[in-house]
Amino acid sequence: MRNSLRLFLLVLPAVGALAGCSGDSKSPLDNWTGKTFLLDKFPNSRWVAPKSGGGSSMGDYVPQFFIGVAAGSGDSLDITLATGLGGVQDMCSPTTPVPVTGVKYPDLQITAPTLPMRLTETDPDYAKVVPVIAHDVTLKNILPGRNENTPSGELTATLDMADAYPLFHLVDNPTKDSVCAAFADAGVVCQTCAFNGQPYCLTFRAVQLVATEFPTPIQKLSPSDIPASCP
């Protein structure tokens with residue numbers, strides 16, 4: 001009995017030190033850091049802007065988003081955004097770095113003033129790839145960590161119909177003006193673009209989103225890495 005008590009007293013400090021160490025080193029952000037996440041299924045998401053179904057008209061064209069998460073200092077994260085199709089990163093679009101500070105897990109808002117991407121029409125009768133710059137892109141609470149049975153993530157982005165109009169093949173001889181006119185007939189009015197003063201912008205918003213962990217890391221690409229053969 002005396003020997004057992006002596007052994008317990010010797011081991012107890014070491015156990016306490018280990019417990020304190022493991023409890024202090026773990027951060028909720030570790031659930032995200034060092035991982036890549038995939039956000040897709042836009043045709044099945046709930047588009048709430050523009051109204052009158054205007055958002056869902058873009059759902060088939062929106063690319064997948066890849067979100068690479070690296071640890072920053074303290075409560076900050078270094079996010080890398082990429083786009084792709086069919087679970088494959090688009091090597092014709094540069095990636096976008098987005099540092100985020102003041103993260104309070106599981107809340108996270110990723111905001112990119114501009115995000116290059118390619119919108120794709122996969123219908124073989126109208127197959128087309130259109131490069132655009134999305135503006136004021138916000139991904140809010142799209143990383144896993146909440147009740148994923150009721151996803152609460154949101155995507156907001158502004159597109160210039162002067163770039164995107166070739167996708168709207170249901171409009172005869174589509175132009176930026178005829179596409180905005182078609183939207184106006186459906187009750188959706190193109191707005192003045194904040195970045196160039198032209199009246200061809202629409203803001204799209206999808207809700208009920210959640211990203212899933214993806215096994216392949218993002219390959220970071222600068223504009224100079226993009227092959228000249230890319231459209």
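General observations
- Rounded to 10°, Cα long-axis angle of helix 2-25 versus longest principal axis of the chain: 20
- Residue ranges 96-109, 128-141 sort as 128-141, 96-109 when ordered by packing (mean number of other C-beta atoms within 10 Å per residue, highest first).
- Using a cut-off of 30 Å between Cα atoms, the listed pairs K35/K128; K35/K176; K51/K104; K26/K220; K128/K220 include K35/K128; K35/K176; K51/K104 as exceeding that distance.
- Descending Cα extents along the principal axes, the chain, whole Å: 93, 38, 34
- Close amide H pairs (under 5 Å, H built 1.01 Å from N) link C193 with Q198, Y200, C201, residues at least 5 positions away or on another chain.
- Inter-label distance, nm, simple model (7 Å from Cα along the C-beta direction), F195/Q208: 3.0
- Net lengthening on full extension, A71/S152 (0.36 nm per residue, minus Cα-Cα): 26.8 nm
- Two numbers describe the Cα atoms of the stretch 86-145: Rg and Dmax, which are 14.7, 47 Å.
- Spatially proximal aspartates and glutamates relative to K140 (Cα-Cα < 19 Å; intrachain offsets below 8 disregarded): D30, D40, D75, D78, D107, E148, E154, E213
- Relative contact order (percent, whole number), the stretch 29-218, Cα cutoff 8 Å, 6+ residue spacing: 25
- The chain: calculated mean residue ellipticity at 222 nm from DSSP helix runs of at least 4, using -39500 (n - 2.57): -5000 deg cm²/dmol
- Per-peptide packing, taken as the mean over residues of other Cβ atoms within 10 Å, places 215-226, 174-185, 159-170 in the sequence 159-170, 174-185, 215-226 from highest down.
- A134 long-range amide H proximity, modeled H, under 5 Å: L115, M117
FYI, it's all coordinate maths here, none of it is from the lab. The structure presented is a predicted model; accordingly, all values stated were derived computationally and were not measured. Note that we place each Cβ from the backbone using ideal geometry, even for glycine, and neighbour counts take in every protein chain shown.
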